[in-house]
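A.B. asks: I'd like to ask some things about the structure below.
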Amino acid sequence: MTLLSADKELDVKPQKTNLLGLSPEKLVVFFESIGEKPFRATQVMKWIHQIGVDDFDQMTNLAKNLREKMKAIAEIRAPEVVSHHESADGTCKWIIRVSGGDCIEAVFIPEKDRGTLCISSQVGCSLDCSFCATGKQGFSRDLTAAEVIGQLWIAAKFFNSLGPKANRVVSNVVMMGMGEPLLNFDNVVDAMGLMLNDNAYGLSKRRVTLSTSGVVPMIDKLSEVSDVSLAISLHAPNDELRNQLVPINKKYPIASLLASAQRYLDKMPDVRRKITIEYTLMDRINDRDEHARDLAKLLSSLPCKINLIPFNPFDQSGYKRVTNTALYRFRDILQEAGHTVTVRTTRGDDISAACGQLAGAVNDRTRRSERYMQQHEKQPVKFVAS
Ligand code: SAH
Ligand code: SF4
């Protein structure tokens with residue numbers, strides 16, 4: 001080795017392991033690798049995820065020399081909160097900067113009997129559904145497991161700081177923010193492992209929902225490692241229409257998608273589990289009576305509940321929200337056919353926190369946002385330098 005390269009090596013600091021994103025299993029492996037007992041993983045997981053600590057010195061049940069050892073090789077690094085907005089209806093939105101300068105968004109929706117945190121899995125999305133603001137932004141990168149769980153860590157820490165009287169608790173997590181979670185499989189599965197673990201967030205598997213636009217092989221892969229609730233973004237009752245709205249349908253058409261959803265349920269020991277079918281309703285696109293009738297028939301044998309989402313408009317989307325008349329007719333047709341149907345009410349309107357409006361600030365590697373804006377004779381608006 002030459003002196004020069006030795007000098008260079010001295011300059012490079014060894015990267016510390018970020019413990020925030022280590023799944024319970026990986027945390028055990030980490031402690032074993034430094035000659036510590038597995039129970040350390042439980043202790044540290046509680047400090048990080050239940051108490052919200054990101055400083056080893058606060059971990060008072062670890063001996064000082066272990067804390068020093070940890071400081072040298074590890075860190076607890078959450079993504080940075082750029083801003084926090086609270087809507088008149090109690091909905092909260094965090095804009096969060098992840099490494100590299102991109103921003104993502106996470107939204108908390110309080111309801112009478114629960115508090116749902118909607119989190120992102122990727123910066124942007126590569127799948128380009130025609131009605132989705134995230135898709136129009138193009139794709140930058142997958143979030144790390146620390147960045148995925150970091151969104152829950154930030155929300156839980158914030159609510160803890162308000163104290164019990166504020167009565168704000170994240171009881172449910174939905175992966176319905178930016179990105180396609182099944183295309184960031186390993187990191188999302190690690191983060192969900194922490195959501196479900198009793199020494200971390202201890203959420204029930206029924207209260208953690210992964211939403212997918214239909215990456216069929218990954219649904220099967222998910223069923224091998226997890227039993228969280230599954231939501232399928234369907235949006236059309238036939239392939240011709242779905243091909244236009246959800247381009248990944250050309251690769252994995254409706255029949256194969258619904259078959260994989262059924263296989264997912266078949267792996268669950270609890271026969272009462274159901275798939276959630278999401279259907280975003282757009283004016284005169286997919287909201288006709290015949291669409292509702294066809295949808296009712298298509299889903300007749302799948303144990304499911306149907307969630308109707310009125311389209312949330314965004315700049316130059318080209319689509320309009322379903323009218324209330326069409327929305328309730330659509331719901332009634334499904335209900336008359338025996339389906340369980342819910343209508344998603346729009347929350348956090350005043351802070352642009354609605355489903356599909358999350359746009360963050362994406363360093364678009366696909367240049368899709370530029371092309372999209374050119375088609376609409378506009379300049380890309382949310383483009384950040386890396
Ligand atoms: N990529 C995943 C999860 C993120 S999108 C998926 O597609 O399922 C979460 C939900 O928001 C999906 O059901 C999606 O179809 C819906 N959505 C996207 N854009 C929307 C918009 N403008 N209005 C209403 N819902 C929208
Ligand atoms: Fe991606 Fe989901 Fe948006 Fe489609 S709807 S572009 S899969 S985030």
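A.B. asks: When the solvent-accessible surface of protein heavy atoms is calculated with a 1.4 angstrom probe, in what order do Lys251, Lys26, Lys71 fall, highest first?
C.D. replies: Order by accessible area, largest first: Lys251, Lys26, Lys71.
A.B. asks: Just report the Cα centroid separation between region 14-70 and region 197-217, whole Å.
C.D. replies: Taking the Cα centre of each part, region 14-70 and region 197-217 sit 24 Å apart.
A.B. asks: Given a Förster distance of 51 angstrom, what is the FRET efficiency for Arg206 paired with Ala72, based on the Cβ-Cβ distance and rounded to 0.05?
C.D. replies: 0.80
A.B. asks: Oh, and also: Highest first, please rank the peptides 266-277, 281-292, 224-235, 125-136 by the mean number of other Cβ atoms sitting within 10 Å of their residues.
C.D. replies: Per-residue Cβ counts within 10 Å, averaged per peptide and sorted highest first, yield 125-136, 224-235, 281-292, 266-277.
A.B. asks: Check Leu281: other-chain or 5+ apart residues with amide H under 5 Å from its amide H, H built from backbone geometry?
C.D. replies: Answer set, sorted by chain and number: Ile309, Phe311.
A.B. asks: Using label points projected 7 Å from each Cα along Cα→Cβ, tell me how many nm separate Leu302 and Ile51, to one decimal.
C.D. replies: Label at Leu302, label at Ile51, 4.5 nm between them.
A.B. asks: Related question: For Lys297, which lysines qualify as cross-link partners when the Cα separation must be under 21 Å and same-chain residues fewer than eight apart are set aside?
C.D. replies: Lys274, Lys305
A.B. asks: Express the C-alpha Rg of region 128-206 as a ratio against the empirical globular expectation 2.2 N^0.38 Å, rounded to two decimals.
C.D. replies: Dividing the Cα radius of gyration by 2.2 N^0.38 Å gives 1.25.
A.B. asks: For the chain, what is the calculated [θ] at 222 nm in deg cm²/dmol (nearest 500), taking -39500 (n - 2.57) for each run of four or more DSSP H residues and dividing by its residue count?
C.D. replies: -10000 deg cm²/dmol
A.B. asks: Per-residue counts of other Cβ atoms within 10 Å, averaged by peptide: what ranking do you get for 294-301, 206-213, highest first?
C.D. replies: So the order, starting with the most tightly packed, is 206-213, 294-301.
A.B. asks: Accessible area per residue for the chain in Å², computed with a 1.4 Å probe and the full protein assembly in place, what is it?
C.D. replies: The answer is 47 Å² per residue.
A.B. asks: Oh, and also: Which residue, Ser33, Val322, Cys103, has the largest displacement toward the positive end of the dipole of the chain when charges sit on each Cβ (Lys, Arg +1; Asp, Glu -1)?
C.D. replies: Val322
A.B. asks: Roughly how many debye, to the nearest 20, is the charge dipole of the chain about its Cα centre, given +1 on each Lys and Arg Cβ, -1 on each Asp and Glu Cβ, and no other charges?
C.D. replies: 440
A.B. asks: Please report the carbon-and-sulfur percent of the accessible area for region 80-378; probe 1.4 Å, protein heavy atoms only, DNA, RNA and ligands left out.
C.D. replies: Its accessible area is 48 percent carbon and sulfur atoms.
A.B. asks: Take Ala337, project a point 7 Å from its Cα along the Cβ direction, then tell me which residues of region 294-323 have their backbone nitrogen under 12 Å from it.
C.D. replies: Residues 294-302, 306 fall inside that zone.
A.B. asks: A further question follows. At 25 °C and 0.890 mPa s, grab the translational diffusion coefficient of region 85-224 from Stokes-Einstein with a Kirkwood Rh over Cα pairs, rounded to a whole number in µm² per second.
C.D. replies: 159
A.B. asks: Right, something else. Just the number, please: Stokes-Einstein D of region 17-75 in µm²/s, Kirkwood Rh from C-alpha pairs, 10 °C, 1.306 mPa s.
C.D. replies: It diffuses with D of about 141 µm²/s by this estimate.
A.B. asks: Same structure, new question: Length gain on complete extension for the stretch Arg114 to Ser99, per 0.36 nm per residue less the alpha carbon to alpha carbon distance?
C.D. replies: 2.3 nm
A.B. asks: Please report, for the Cα atoms of region 268-311, the Rg to one decimal and the Dmax as a whole number; what are they, in angstrom?
C.D. replies: According to the Cα coordinates of region 268-311, Rg and Dmax are 12.3, 40 Å.
A.B. asks: Residue by residue, what Karplus-based ³J(HN,Hα) values in Hz, rounded to whole numbers, does region 310-318 have, using 6.51, -1.76 and 1.60 with θ = phi - 60° and x for Gly and Pro?
C.D. replies: In residue order, the calculated couplings are x, 4, 9, x, 9, 3, 6, 5, x Hz.
A.B. asks: Which three numbers, in whole Å and largest first, are the semi-axes of the equivalent ellipsoid of region 80-378 derived from its Cα gyration tensor as √(5λ)?
C.D. replies: Value: 27, 23, 20 Å, ordered largest first.
A.B. asks: When ranked by the protection proxy of mean other Cβ atoms within 10 Å per residue, highest first, what sequence do the peptides 334-343, 59-68 form?
C.D. replies: 334-343, 59-68
A.B. asks: Continuing with this model, one more query. Which percent, to the nearest 5, of DSSP beta bridges fully inside the chain are antiparallel?
C.D. replies: Antiparallel bridges: around 45 percent, rounded to the nearest 5.
A.B. asks: Let me know the shape class of region 105-151, please: from the alpha-carbon gyration tensor, a ≥ b ≥ c as square roots of the eigenvalues, rounded when a/c is under 1.5, otherwise prolate if a/b is greater than b/c, or oblate.
C.D. replies: Note, shape of region 105-151 comes out oblate.
A.B. asks: Here is a further query. Counting only residues 5 or more places away or on other chains, whose amide H sits under 5 Å from the amide H of Ile275 once H atoms are built in the peptide plane?
C.D. replies: Amide H neighbours of Ile275: Cys304, Lys305.
A.B. asks: Separate question: Considering the options Ala337, Leu230, Thr60, tell which one lies farthest towards the positive end of the dipole of the chain, charges being +1 on Lys and Arg and -1 on Asp and Glu at the Cβ, about the Cα centre.
C.D. replies: Final value for the positive-end residue is Ala337.
A.B. asks: Under the 0.36 nm per residue contour assumption, what length would be gained going from the current alpha-carbon distance of Lys274 and Glu80 to full extension?
C.D. replies: This chain segment gains 66.2 nm when fully extended.
The values are calculated or read from the model by the stated rules, or taken from the named source; none is laboratory data. Everything quoted here is computed from the prediction, not taken from an experiment. For neighbour counting, all protein chains shown are included, and Cβ atoms are generated from backbone atoms with ideal geometry for every residue, glycine included. The accessibility values were calculated without ligands, DNA or RNA, using every heavy atom of the protein model including side chains. Shrake-Rupley method; radii C 1.70, N 1.55, O 1.52, S 1.80 Å.
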